[in-house]
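Okay, structure first, notes after.
The values are calculated or read from the model by the stated rules, or taken from the named source; none is laboratory data. These numbers come from a predicted model, not from an experiment. Here the Cβ positions follow ideal geometry from the backbone for every residue, glycine too, while neighbour counts run over all protein chains shown. Keep in mind that these areas ignore ligands, DNA and RNA; they rest on the heavy atoms of the full protein, side chains included. Shrake-Rupley method; radii C 1.70, N 1.55, O 1.52, S 1.80 Å.
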Amino acid sequence: MKIFAALSVLSLLSSFAALSGESPKSFAVGEGGRLFESPDVKRILERPYRIDVPMASTGKCLWAGHPTGWGFPRSSVHWFLTTPNGLGFDLLLTANDKPILPADNIAYPSHVQMSCGIPIKVEGAKWIASDDVLVTRLTLINTGDAPIDVTASAILPVETAEGEKDKFTWKFDHAGLTLNAIGSFPGFAPAPREPIASVAYTVEGEDGEPNPGSGGKDAKAAANGGAVLGSGFGGNPGNNAWFTFDVKERMENAAVTIRYARAMEGAADVAVQLPGQKGMMRRRFASTGGWGDEPDDFATQTFRIGPLEAGPAKIQILIITAGGNINVDTLYLHDAGAPAPGAAPTGTIVARTIRLEAGKQEPIMCMLAVDPQSKAAQTALDRIAALDNPLQDHEVSYNAWNLANVPAFSSPDEALSKQYWHRATSILRKNLFKVGEGRLADWGVAEGRWTASWYSNIISYGAGHQIRETRWLRDPQYVNGIISTWCANAKENGVFPNYIRPNEIGDGQYTDWITSTVWDAYCVHPDAKRLKLWADALKKNVDGWLATYDTDNDGLLTVDSHWWTGMEWQPSFFYFKDFDKDKQDQHLERVDLTAYVHGNARNLARILDAVGDKEGAKKYEDIAAKIRGAVERVMWDGASSFFYSVEPVTGEKAMVKEVIGVYPFYFSMFDADAGKPYLAAWNSILDPEEFWTAWPVASATKKCRAYSQDVNFNGKRVGGCMWNGPTWPHANSIVLSAMAAALREFPESPLSADRMYELFKSFTMAQFKDKDTNYPWTGEYYNGNTAEWRTDQRDYNHSTYIDILIADIAGLRPRNDDVLEVHPLISAQMPPFVIDGIRYRDHDISMLWLPNESGETQPDNLKGFRIYVDGKLVHHNLENAERIKIGQEI
């Protein structure tokens, strides 16, 4: 092997043939730093637009959960935070007074394609443009031989909208800002309010029988008749109630509307059995903000039945998952052709009537722009209105962003490819936002965008994962913007707040390792000027953690409540209280927070060294060493070979094993020789009798009596996020990277690349609904026995995936010099892959793996492990994927 001492990557390129051992090979570097043909992401992620499929396209701040129908109902459209009112538009179509409903909808990353064939043909799409515009564009086609009268009605979410021709404007306050909404509905004009549907039959919710799960009637001031079916109904899966209508005569087009209330965050997972239908219709009943004491506490869900014969018509409401509490007020049976009772359209109605001759077609275009600045909203509308083909323009723009920012990943393994692109589009890209105002002047990233109001914030607990993931976007403005947002918004003590909004920061905190990941990002996209600007905030952050949570100066950080550790119901908090869930006042010096602050201090030392503060670098390197020594001396138990949290006053270990026991490896805490005994901790993680469940890794050992995969804690029901057994993507991301670090740093350990891949594959497959690769589903946490998600949150940005593939499995190890270090950890079970167009320190890197014995081919027609830098082959090992350092002696 040729030796290159103190050579940069660039200077190596003229000598790459000596490294490869083969004929020189190079490719032209194309857009996005890619050497090879890009994967068709649209087709990879194509899927039916079911009720549980989120819309992936977003603007700078505008996003949607699952907008139903032709438009964007107000309940599903949000700007930055969840927006209870003021946004969106319903779009209703009728032909000869019969409703036209979308029937065959397909979700793509950039848009939702919609169509139907009865009573007329409709084709079109809806999407959210990058400059914060909701767009629906349809083509109505009369395929018959007679004229058809079509009415399109758009319902705007405000009682009064200022109108000028077909443009309608209004303002509303949200998230500490005043937002301007401008709607453009060409050909539409103000219309009278639609009449409330003629109700044929009514059944009160409290009259449902039988109703297992309910304690009976529940008095609510705003309910019809003053009561609801409530008192715990929906708390447990299987709770259900039957309702019977006595239908006197046949209904040609029946529907049932359910009026309900739900104060709990998130949506209830509900199935409804309709008369004459074999299967149940499953739907999410969103939070309404109250239980029924105020009129605004109620919302409705309407289900179309179709023709309904005279006689008893039975309807069942079934709760699918725990925590699905709903108060059922009234069920209405009515004609489906009119607005539902209890949900008659409120707001401004604008309508357009079209006489569609036989064989003719007519376009419909509806747009709504939202921005704190009215001029920006109008500019966005004008841009789209001027386009001949706005959907094509949007798709081109959406794909161009992916090309410019996301390293391309391809593999013959469908699950890996789909999960990678799902994470890139629906997790990473969808959660990016830029408010551009107040405390959120720069880029931020949400924790999740589905139904829960809290997760649409930028939140500190998952921020370390988010920064590690975002660093691999080719354009550094995103990761640098996120870091700048945190550095500009610390609390007075230097600790980062639990959330940031334009006009405020939270007064709480979670445990986090944000400061550590600033260095991780800098090594990918070095920017010395920015690093120097951030340095003071990062010093204050480490100092703040130590001053506030290490008051005894022993190097171990104290958490005084399981609620703010981010890991609620970790059994160690209850170890000294006989695992009594009601005794929640335990303080602990925690392994997780202590490891985080060690990582923060160690990487802060590297940051200060890079900006020329040698004295500061020495100070924080010493702090990191002090923390390491305390962890080894106090938290390690040699007899059971594990790290434990400890009681702050007595120093007694809370002898219950938790997943955090291996978190120190994530931060490479231990020296190569001294750290060898601690590798034994991995034996517990790999043990099926402890952490290695059917869908690992458990958040606590099975041997703890507080362990559970359901809502129980030592035999008692609890609520909140469960860290006493279930599997968390947040933890699995740390465990996978900790495994990789241990494998790199300790040649002999209980770990192997095969076991790491086993976990990665399990982690991948768990992120599909019912293991169906058509439906990627990344939530909060899942049952370690079944992989069933325990909450209904979707597109949850609380873990890493791209980072694990690039930095750990393919092995690109970021560092602050011109040496290209790659340490792949590729299992024999790992499918072939191509990662193309990684932007690293102003160079374009591509890495490919294809076992020599494989019958597959790859675009460079080579096998083995290959690395390309700026289009030129700099490393090729035909047989193995082994550690390589290019740019210094190896």
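Using a 1.4 angstrom probe on heavy atoms only, work out the carbon and sulfur share of the accessible area of the chain in %.
Carbon and sulfur together cover 47 percent of it.
Using 7 Å Cα-to-Cβ label points, what is the Asp335/Gln584 separation (nm, one decimal)?
Using points 7 Å along Cα→Cβ, the separation is 5.2 nm.
Just order 115-121, 804-810, 609-615 by mean Cβ neighbour count inside 10 Å, highest at the front, would you?
Top to bottom by mean Cβ count within 10 Å: 804-810, 115-121, 609-615.
Using per-residue counts of other Cβ atoms within 10 Å, averaged over each peptide, order 654-664, 179-189 from highest down.
Result, highest mean Cβ count within 10 Å first: 654-664, 179-189.
In a shell of Cβ-Cβ distance under 11 Å around Ile804, excluding Ile804 itself, what net charge do Lys and Arg (+1) and Asp and Glu (-1) give?
-1
For Pro497, what charge total do you get from the other residues with a beta carbon under 11 Å from its beta carbon, if Lys and Arg give +1 and Asp and Glu give -1?
For residues surrounding Pro497, the net value is -1.
Determine one quarter of the surface area of the Cα convex hull of the range 201-335, which equals its mean projected area, and express it in nm² to one decimal.
If you wrap the Cα atoms of the range 201-335 in a convex hull and average its projections, you get 7.1 nm².
With the Cα gyration tensor of the range 766-890 in hand, give its eigenvalues times 5 under a square root as the equivalent ellipsoid semi-axes, listed largest first in whole angstrom.
The equivalent ellipsoid of the range 766-890 has semi-axes of 32, 18, 13 Å.
Please compute the per residue accessible area over the range 436-549 with all protein chains in place, 1.4 Å probe, rounded to a whole number of Å².
29
Which parts of the range 406-422 would a label at Arg47 reach, counting a residue when its backbone N lies under 12 Å from a point 7 Å out along Cα-to-Cβ?
What the label zone holds, given the 12 Å backbone N cut-off, is 415, 418-422.
How much length is gained on full extension from Ala828 to Asn880, taking 0.36 nm per residue of separation minus their Cα-Cα distance?
Taking Ala828 through Asn880 to full extension adds about 17.7 nm, to one decimal.
Which lysines have a Cα less than 26 Å from the Cα of Lys314, not counting those fewer than 8 places away in the same chain?
Lys98, Lys217, Lys220, Lys248, Lys278
Please quote Rg/Rh for the range 359-439 to two decimal places, taking the Kirkwood radius as Rh and restricting both calculations to Cα atoms.
1.08
Could you state the accessible area per residue of the range 201-335 in Å², with a 1.4 Å probe and every protein chain left in place?
Result: 41 Å² of accessible area for each residue.
Taking R0 as 22 Å, what's the FRET efficiency between Lys716 and Ser453 from their Cβ-Cβ distance, rounded to 0.05?
0.20
Evaluate the distance, in nm, between pseudo-label points positioned 7 Å from the Cα of Thr202 and of Leu101 along their respective Cα→Cβ axes.
Taking the simple label geometry, Thr202 and Leu101 are separated by 2.4 nm.
Just the accessible area per residue of the range 561-727, please: how many Å² with a 1.4 Å probe?
Solvent-accessible surface per residue comes out at 35 Å².
What is the spin-label model distance, in nm, from Glu504 to Ile141 if the labels are put 7 Å beyond Cα along the C-beta direction?
That separation, rounded to one decimal, is 5.2 nm.
If we sort 595-601, 679-685, 151-157 on the protection proxy, mean other Cβ atoms within 10 Å, highest first, what's the order?
Highest-to-lowest ranking by the protection proxy: 595-601, 151-157, 679-685.
Determine by what factor the alpha-carbon radius of gyration of the chain differs from 2.2 N^0.38 Å, reporting the quotient.
0.99
Based on the Cβ-Cβ distance of Asp293 and Thr548, what FRET efficiency does E = 1/(1 + (r/R0)^6) give at R0 = 30 Å, to the nearest 0.05?
0.15
Can you pull out the trypsin sites (Lys or Arg not before Pro) in the range 380-440 that DSSP calls coil and that have at most 16 other Cβ atoms within 10 Å?
Nothing satisfies the criteria.
Under the 0.36 nm per residue contour assumption, what length would be gained going from the current alpha-carbon distance of Ser115 and Ala263 to full extension?
Gain in length upon complete extension: 49.8 nm.
Hey, which lysines would be in cross-link range of Lys619, C-alpha to C-alpha under 20 Å, not counting anything within fewer than 8 residues on its own chain?
Lys532, Lys539, Lys540
At 0.36 nm per residue, minus the direct Cα-Cα distance, what do Ala385 and Ala639 gain on full extension? Give it in nm, one decimal, please.
Fully extending the segment from Ala385 to Ala639 adds 84.3 nm.
So, R0 is 56 Å and r is the distance between the beta-carbons of Thr160 and Ala694; what FRET efficiency does that work out to, to 0.05?
0.50
So what is the 222 nm mean residue ellipticity for the chain from helices alone, if each DSSP H run of at least 4 adds -39500 (n - 2.57) and you divide by all residues, rounding to the nearest 500 deg cm²/dmol?
Counting only the DSSP helices, I get -6000 deg cm²/dmol.
How large is Rg over Rh for the range 436-549, taking Rg from the Cα atoms and Rh as the Kirkwood inverse mean of 1/r across Cα pairs?
Ratio value, two decimals: 0.94.
Taking the Cβ of Arg250 as the centre, find all other residues whose Cβ is under 14 Å away and add up their charges (Lys, Arg: +1; Asp, Glu: -1).
Taking every Cβ under 14 Å from that of Arg250, the sum is -4.
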